[in-house]
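First the structure, in the form of structure tokens, and then the observations on it.
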Amino acid sequence: MREVPLTNCERNFVNKCIEEETRLDGRRLLQPRPVKIYFGSKWGCCMVSLGHTKAIAQVSCDIRQPKTFRPNEGTIYINVELAPLAAQHFESGRQSEAAILISRQLEKCFKDSKCVDLESLCIVADKKVWSLRIDINIINHDGNLIDCASIAVLAALMHFHRPDVTSTGEEIIIHPASEKDFLPLTLFHYPVCVSFITFENGNTIMDPTYIEERVGVAELTLGMNSYRELCSLHFDYLTKTMTVEDVISAVSNHAANYATKLVQDIKEAVAKDVQSRYKKDDSDTSRFKESIQTNKITTMISDHISIKLQKWDETMIEDHAEIENNNKSCIIKHEEGSAELISVFDDSINKEESFNSTYDSDSDNQCLELSNPEKKHIIIDLVDDSD
Amino acid sequence: MEVSVGDVVMPGDSLKDIKSTKKEGKNERENVILGPGLRREGDKVYVCKAGILKRRDPAVYYVDSYQKRYIPSRGENVVGIVTQKSGDIYKVDVGASEQATLSYLAFEGATKKNRPDLQVGDVIYAKMLVASKDMEPELVCVDSQGKENELGVLSSDGMVFTCSLSLVRKLLNPECPLFRILGRNQAYELAAGMNGRIWIKARSVQETIAAANAILAAEYTVASEMQKLCARIEKTLLLVT
């Protein structure tokens, strides 16, 4: 199916919004969406949601002959699938241009930055090495696929464990999990992608949504690791434009701060899940089943509102105290016109306890300081008033 | 499984006792209308959508369901996006499986000489004239008197967003108080299409976002809570601006 065309209304409105430094979903210009990570039942399988964008990554391995010019190194293959499931304009079957672009960017970020210790994947030099395959499936498209995919790949690589092997000169034995524990991969550093979009008026935003991606004039993706090192860089003009902005120097510092924090959060999430697997304790995990809220029939629609005022969620919390005593949700009689299952303003409260790295306030203030210092005071005043 | 009015139904269920309220003394044939989600096969009526089975007098049966994909039906007002100008028709995306056509003569005061000025990417509010499952849907921007009424091109200062079809049906129900309550303290202009697209224009960017936020939040709000919802929107709007 064809992509829904972008209307002139939306283009004008988004440009006007960005000019006034507001965004449709109530974020600030340099504020990312919340990241959630869930792990599957096997090693190296994880689902990441970045706002409404969702991606699943699965790492798998098999034994192959190495490339002749790298006889003692394992190989990595990255495959990205964009199915019509994610958005109506994606076609199944052959790889689209968008999918190739994403997989190339991920290759630059993970393969070319040499973050995986490939030499440790060698079993017999020139004969047998482990070959890693990373499959990424995008399951919902709301902009910024590359960031979501890169977080998924990093979490999956950190989570993945390969079988142990022993080489007896002639033959090699692959041990099942019952004989020898599986081994994790060795990662030298932890890169993630952080994306920005620049608009006609020169403003740059972080973590664009689908509509922002379509309106913007230039895109920038930085691959950063937790040591603030640049691993990959992608910059492209999306349309013909006269706008010339030195975006990279303006946002690189912010990106590095964010990447450091994000990697920290991913590490914690992975470590927690790996620990719970070792202990065989399933009480406090973030598996796929936790991504679905089972206690409500309004499953998955609690944070469904895609257009929000900046302080909408905060007023939600305030008001929640009043309605705490009421039932969280109730089925009302289905009559003409009314007729839904009503969830009573529980958006921000009933969020899953699982991993949720809302990039919190201290760093937000930081980005505010970058943009305009007066505004921060105004906001603080307002918060005081509301109390 | 046999189901009756008011039940939650699933595709494949069959309807029992379909009847119309008979008019006294007259020996007319009974007409039963099957709305969306129902299909007749032989002398049985099957459900082909998941939802709630409803009935309206005299004998209109339909399934009310949550849905986002629009299926054109005659007489509904929709918000469409002009995607192509070709010859004497415009192609309009209404969110259905096929694009709809809109003749350039179907505007108020349009003649062969005096064409309406529509650009690709413009948003229009139009009425569905032809909607059959074998043909392309066709739109018009005039009523039968040749007057425009509220139809026509929507200004490009506004904002278009999508929502579920059930939300639009809920909002357009005359008993839904949201637009009235929202209008007490805010000025806004709005066009809600049955295809799940809403065009809105308010005085400022913040107010537009506020109104859109209220509309989207109304999906999970009962009529009695809408007063509260609007109060919350106004409070939030004050905090932001």
- Of the residues B:Ile81, B:Ile215, B:Ile18, which exhibits the maximal mean-square fluctuation in a Gaussian network model of chain B defined by a 10 Å Cα contact cut-off? B:Ile18
- Note on the structure: With x for Gly and Pro, the residue-by-residue ³J(HN,Hα) of segment A:47-54, computed from phi through the Karplus equation 6.51 cos²θ - 1.76 cosθ + 1.60 at θ = phi - 60° and given in whole Hz, is 10, 10, 10, 10, x, 8, 7, 10
- Query: Most fluctuating residue of B:Val153, B:Val63, B:Val92 in a GNM of chain B with Cα springs under 10 Å: which is it?
  - Reply: B:Val63
- GNM result for chain B, Cα springs below 10 Å: residue of B:Ala210, B:Ala202, B:Ala187 fluctuating most strongly: B:Ala187
- Message: Taking 2.2 N^0.38 Å as the expected size of a compact globular protein, what ratio does the Cα radius of gyration of segment A:3-61 give against it, to two decimals?
- Response: 1.65
- Accessible solvent surface per residue of chain B, calculated while the other protein chains remain in place, 1.4 angstrom probe, Å²: 51 Å²
- Over 24 Å between Cα atoms, which of A:Lys67/A:Lys111; A:Lys16/A:Lys54; A:Lys42/A:Lys289; A:Lys114/A:Lys280; B:Lys68/B:Lys170 qualify? A:Lys16/A:Lys54; A:Lys114/A:Lys280
- Over the heavy atoms of A:Tyr278, what accessible area does a 1.4 Å probe trace out, to the nearest 10 Å²? 120 Å²
- Asked for the total accessible area buried by A and B (1.4 Å probe, Å², nearest 100), one would answer 4300 Å²
- Once the Cα gyration tensor of segment B:1-139 is found, what semi-axes does its equivalent ellipsoid get, as square roots of 5 times the eigenvalues, in whole Å, sorted largest first? 39, 18, 11
- Message: Give me the net charge for the shell around B:Lys133: Cβ to Cβ below 14 angstrom, other residues only, Lys and Arg +1, Asp and Glu -1.
- Response: -2
- Query: How high is the relative contact order of segment B:136-241, in percent, with contacts defined as C-alpha pairs under 8 Å that are six or more residues apart?
  - Reply: 25 percent
- Note on the structure: Once all protein chains are kept in place, A:Thr221 shows an accessible area at probe 1.4 Å, nearest 10 Å², of 10 Å²
- With every protein chain kept in place and a 1.4 Å probe, the residues B:Val60, A:Val80 fall, from largest accessible area down, as B:Val60, A:Val80
- Message: Quick check: the distance between the Cα centres of segment B:123-188 and segment A:60-76, to the nearest angstrom?
- Response: 60 Å
- Per-q log10 I(q)/I(0), segment A:176-284, q = 0.17, 0.19 Å⁻¹ (Debye; single scatterer per alpha-carbon; no solvent): -0.84, -0.95
- Task: Could you do me a favour and compute the accessible area per residue for segment A:8-294, 1.4 Å probe, result in Å²?
- Result: 45 Å²
- Task: List the trypsin sites (Lys or Arg not before Pro) within segment B:83-143 that fall in a DSSP loop (any state other than H, G, I, E or B) and whose Cβ has at most 10 other Cβ atoms within 10 Å.
- Result: B:Lys112, B:Lys113, B:Lys133
- Out of residues 5 or more away from A:Ala83 or on other chains, whose amide H comes under 5 Å of its own, with H placed 1.01 Å from N in the peptide plane? A:Ile138
- Per the Debye formula with a single identical scatterer at each Cα and no solvent contribution, what log10 I(q)/I(0) holds for segment A:1-148 at q = 0.16, 0.19, 0.21 Å⁻¹? -1.00, -1.22, -1.34
- Only loop residues by DSSP count here, and only those with at most 15 other Cβ atoms within 10 Å; note down the GluC sites (Glu not before Pro) in segment B:165-241 that meet that. B:Glu175
- Task: Leaving ligands, DNA and RNA out of it, rank B:Tyr46, A:Tyr210 by accessible area with a 1.4 Å probe, largest first.
- Result: B:Tyr46, A:Tyr210
- Message: What is the percent carbon and sulfur in the accessible area of segment B:159-240, measuring with a 1.4 Å probe over the protein chains and ignoring ligands?
- Response: 54 percent
- Item | Cα convex hull volume per residue for segment B:116-241 (Å³) | 135 Å³
- Message: Placing one identical point scatterer on every Cα of segment A:8-294 and ignoring solvent, what is log10 I(q)/I(0) from the Debye formula at q = 0.14, 0.15 Å⁻¹?
- Response: -1.04, -1.17
- Query: Given a 1.4 Å probe and the protein chains all in place, what does the accessible area of B:Asp157 round to, in Å² to the nearest 10?
  - Reply: 90 Å²
- Query: In µm²/s, what is D for chain B at 25 °C and 0.890 mPa s, where D = kT/(6 pi eta Rh) by Stokes-Einstein and Rh is the Kirkwood radius from Cα pairs?
  - Reply: 121 µm²/s
- Provide, as a two-decimal number, the C-alpha radius of gyration of segment A:160-214 over 2.2 N^0.38 Å, N being how many residues it has. 2.28
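The values are calculated or read from the model by the stated rules, or taken from the named source; none is laboratory data. This is a predicted model, so every value here is computed, not measured. Using ideal geometry, Cβ is built from the backbone for each residue, glycine included, and neighbour counts are taken over all protein chains shown. Calculation scope for accessible area: heavy atoms of the full protein, side chains included, ligands and nucleic acids excluded. Shrake-Rupley method; radii C 1.70, N 1.55, O 1.52, S 1.80 Å.
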